[in-house]
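Visitor: Attaching a single structure in structure tokens format; questions to follow.
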Amino acid sequence: MKKSILALTLLTSINAFATEDEQSNVTFSLTTGYVFGGDTVGELIYEDDDSESIKAGQGVILGGGLSYEFNSKWAVDISANYHLDTATAKNGDLSFERLAFNVIPYYGINDSFSVGLGLGLHTNVELSNDFGSDVEFSNETAFISSLRYHFETISADLELRHTRVEYSVDRIGSSSFSSYDVTVDGNNTGLLFHWKF
């Protein structure tokens, strides 16, 4: 009986250590940032002749994800982000938005810096227009290059990211434009802050 209890205790302890070791390879994160670039896809002109434009690659990024470390040099980052650029007026808004799902393998140069090359899938890409017809774009693959700085004193990273992507017009209002070769440049570069936990 004592041997059975001892064996069960050992197995339970080993399982607990194994689970703890596996979990230590996974880090979750929340992301915020701002990027610049892309073609101008809309513009608001105000009564005082001031104007505000929105671009296909510009705007705020909010999201979250996880990182899995294979070893001290290699890791992979998987994330989902909401990307928005908007211009507002009293009588309506103009916005360009999308959801991006990214997978980026990283190589650790040293304790402070990592570089990564990866892919993204951009979905629900849409120009929302309160002054006319909305424009929907096809899902597109994006190519991502990244340089990350790992803070020493806080559990966070600062990332310089460049994304290359081109969006094809799918629909304007209720009319299909998928047979036409109408595209906009969504390339962008910017800074993202990742809070890790």
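The values are calculated or read from the model by the stated rules, or taken from the named source; none is laboratory data. Predicted model, so just to flag it, every value in this text is computed and none were measured. A quick note on method: Cβ atoms are made from the backbone with ideal geometry, for glycine too, and the neighbour counts reach across all protein chains shown.
Visitor: If you go through the stretch 137-194 one residue at a time, how many are under 19 Å from residue 76 (Cα atoms), small (Gly, Ala, Ser) and buried (at least 19 other Cβ atoms within 10 Å of the Cβ)?
Guide: 2
Visitor: Still on this structure: Taking the stretch 173-184 as the region of interest, how many residues are part of a strand (DSSP E or B) and more than 13 Å from residue 125 (Cβ to Cβ)?
Guide: Residues in the stretch 173-184 being part of a strand (DSSP E or B) and more than 13 Å from residue 125 (Cβ to Cβ): 2 in total.
Visitor: Of (1) of a type outside the set (Val, Ile, Thr); (2) buried (at least 19 other Cβ atoms within 10 Å of the Cβ); (3) under 27 Å from residue 52 (Cα atoms), residue 132 satisfies all except one. Which?
Guide: (2)
Visitor: From 110, 102, 124, which residue is at pLDDT 95 or above and either part of a loop (DSSP other than H, G, I, E, B) or touching a Cys at 6+ places or on another chain (Cβ under 9 Å) (or both)?
Guide: On the way: 102 fails: either part of a loop (DSSP other than H, G, I, E, B) or touching a Cys at 6+ places or on another chain (Cβ under 9 Å) (or both); 124 fails: either part of a loop (DSSP other than H, G, I, E, B) or touching a Cys at 6+ places or on another chain (Cβ under 9 Å) (or both).
It is 110.
Visitor: Has the stretch 102-113 got at least one residue that is touching a residue at least 12 places away in the same chain (Cβ under 8 Å), within 16 Å of residue 33 (Cβ to Cβ) and of a type outside the set (A, V, I, L, M, F, W, C)?
Guide: Initial filter on the stretch 102-113 (touching a residue at least 12 places away in the same chain (Cβ under 8 Å)): 102-108, 111-113.
Subsequent filtering for residues that are within 16 Å of residue 33 (Cβ to Cβ) retains 102, 104.
Now drop any that are not of a type outside the set (A, V, I, L, M, F, W, C), which leaves 102.
Scanning the stretch 102-113, I find at least one residue that is touching a residue at least 12 places away in the same chain (Cβ under 8 Å), within 16 Å of residue 33 (Cβ to Cβ) and of a type outside the set (A, V, I, L, M, F, W, C), so the answer is yes.
Visitor: Looking at 136, 97, can you tell me which residue is among the acidic types (Asp, Glu), part of a strand (DSSP E or B) and within 18 Å of residue 33 (Cβ to Cβ)?
Guide: On inspection, the qualifying residue turns out to be 97.
Visitor: Just to be sure I understand the filter: pairs with C-beta atoms under 6 Å, separated by 6 or more residues or on different chains, first member in the stretch 147-173 and touching a residue at least 24 places away in the same chain (Cβ under 8 Å), second member polar (S, T, N, Q) and assigned to a strand (DSSP E or B). Which pairs pass?
Guide: 148/114; 159/146; 161/146; 162/145; 162/189; 163/188; 166/183; 168/183
Visitor: Being surrounded by 14 or more Cβ atoms within 10 Å (Cβ to Cβ), in contact with a strand residue (DSSP E or B) (Cβ under 9 Å, 6 or more places away or on another chain) and closer than 16 Å to residue 163 by Cα is true for just one of 42, 120. Which residue is that?
Guide: The conditions single out 120.
Visitor: Based on what the data block shows, is residue 38 closer than 28 Å to residue 182 by Cβ and part of a loop (DSSP other than H, G, I, E, B)?
Guide: yes
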